[in-house]
Amino acid sequence: MVKKNVLVTGASSGFGEAIARKFLSEGHRLILVARRKERLISLVDEFDASDRCLIIGLDVRDRKKIDQEITGLPVGFKRVDILVNNAGLALGLGPAETSDPEDWEMMIDTNIKGMLYFSRSILPGMVERRSGHIVNIGSIAATWPYPGGNVYGGTKAFVQQFSRNLRCDLVGRNIRVSLVEPGMSETEFSIVRFKGDREKAKSVYEKMKPIVGEDIAETVFWLTSMPEHINVNQIEIMPVAQAWSPFSVHRE
Ligand code: NDP
Ligand code: 8X3
């Protein structure tokens, strides 16, 4: 495989970290983005890969900073071949009427706007070069509602529709867009959702085998390695132990 420049948002943990590890182990050049810069530094040190990695510590809600960083990418990293829009989070699992509107804003600003800002900043270069691949990390929550999923599910439905619409915009320009929609996966996701309550987070994956970061990293690596005339549009992945429920019916 030709060595590529791969930008991964949310590379400090979970899927993003696993995706970064996979591409690093395959010899690619990485642009690693997250707020916890120290974790990105440790990852690069572990691979002894400072010559083929660029670390960008930022909050994906900060559009100006994203534009500044992408405009100022150093020689060697200017051409982003693969953008993985992965940074995201869920906050809370309560019903809408008691949810914290600040949590809603945080999810909307991170999961939706962060993805938009990075895509908008990187797309002109891809369009000019007539080459590139955007991989968006959505969720099963985009399609399958569950109690307490409200705004999180809404943000991932946006990710799903944006990914499909982007394909329409980009047809004929030789740029690929793929959407990966995982189900239950043990990362730091539930620790964040339950605001640091590690016991509660652990109980989500009790007595079942969840997806892990490496599973999603393999998927992203596979779909970006497909022949250039192939676009994997959308892929939904669940643990074998997870499936849909019947509709809930309230009876008086
Ligand atoms: P983690 O909490 O382990 O990782 C989330 C990553 O996103 C971290 O690297 C974090 O970095 C980064 N991030 C969060 N907010 C921001 C921000 N404002 N600016 C920059 N980076 C940010 O969770 P996952 O790996 O599970 O989550 C990755 C993606 O996968 C998310 O979009 C999530 O919605 C999605 N997903 C998760 C599933 C699951 O069950 N785990 C299932 C389906 C989808 P830092 O805090 O250092 O900034
Ligand atoms: C995370 C998976 O089912 O907790 O996107 O919403 S779920």
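The values are calculated or read from the model by the stated rules, or taken from the named source; none is laboratory data. Small disclaimer: the values here were computed from a predicted structure and weren't measured. Virtual Cβ from ideal backbone geometry, glycine too; neighbours counted across all protein chains shown. When the accessible area is computed, the model is the full protein with side chains, heavy atoms only, and any ligands, DNA or RNA have been set aside. Shrake-Rupley method; radii C 1.70, N 1.55, O 1.52, S 1.80 Å.
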For Asp51, state whether it is modelled with pLDDT of 95 or more, more than 9 Å from ligand 1 (Cβ to nearest atom), more than 25 Å from Ser178 (Cβ to Cβ) and in contact with a Leu (Cβ under 6 Å, 6 or more places away or on another chain). no
When you look at Glu17, is it assigned to a helix (DSSP H, G or I) and farther than 18 Å from Asn136 by Cβ, yes or no? no
Only one of (1) farther than 27 Å from Met106 by Cα; (2) part of a loop (DSSP other than H, G, I, E, B); (3) of a type in the set (D, E, K, R) fails for Glu218. Which number is that? (2)
Given the condition under 20 Å from Leu123 (Cβ atoms), outside any loop (DSSP other than H, G, I, E, B) and either open to solvent by less than 40 Å² (accessible area, probe 1.4 Å) or within 16 Å of ligand 2 (Cβ to nearest atom) (or both), answer yes or no: does some residue in the range 180-199 qualify? yes
Log entry, pairs with first residue in the range 177-195 being aromatic (Phe, Trp, Tyr), second being near ligand 1 (Cβ under 9 Å from one of its atoms) and outside any strand (DSSP E or B), beta carbons closer than 7 Å, six or more apart or on different chains, reads Phe189/Gly14; Phe189/Ala90
Can Phe23 be described as under 25 Å from Arg176 (Cα atoms), within 11 Å of ligand 1 (Cβ to nearest atom) and touching a helix residue (DSSP H, G or I) at 6+ places or on another chain (Cβ under 9 Å)? no
Within the range 76-128, the residues that are over 13 Å from the mean Cα position of the chain (by Cα) and either at pLDDT below 95 or of a type in the set (Gly, Ala, Ser) (or both) are Gly76, Gly92, Gly94, Ala96, Ser99, Ser121, Gly125
Test of understanding: among Leu73, Leu30, Leu40, Leu58, which residue is within 20 Å of Phe118 (Cα to Cα), more than 14 Å from the chain's Cα centre (by Cα) and more than 15 Å from ligand 1 (Cβ to nearest atom)? Leu73
So in the range 209-241, with the set limited to residues that are more than 21 Å from the chain's Cα centre (by Cα) and over 28 Å from His28 (Cα atoms), which one is least open to solvent (accessible area, probe 1.4 Å)? Ala241
What are the residues in the range 108-130 that are without any contact (Cβ under 8 Å) to a residue 60 or more places away in the chain and away from ligand 1 (no atom under 12 Å from the Cβ), if any? Leu116, Ser119, Arg120, Ser121, Leu123, Pro124, Gly125, Met126, Val127, Glu128, Arg129, Arg130
Inside the range 1-33, the number of residues satisfying the requirement of being closer than 15 Å to Arg52 by Cβ and of a type in the set (S, T, N, Q) is 2
Of everything in the range 1-15, what is near ligand 1 (Cβ under 8 Å from one of its atoms) and under 21 Å from Met226 (Cβ atoms)? Give them in sequence order. Phe15
The range 1-13 residues that are more than 20 Å from Gly76 (Cα to Cα), paired with ones that are among the hydroxyl-bearing types (Ser, Thr, Tyr) and open to solvent by less than 10 Å² (accessible area, probe 1.4 Å) (beta carbon under 7 Å, 6 or more apart): none
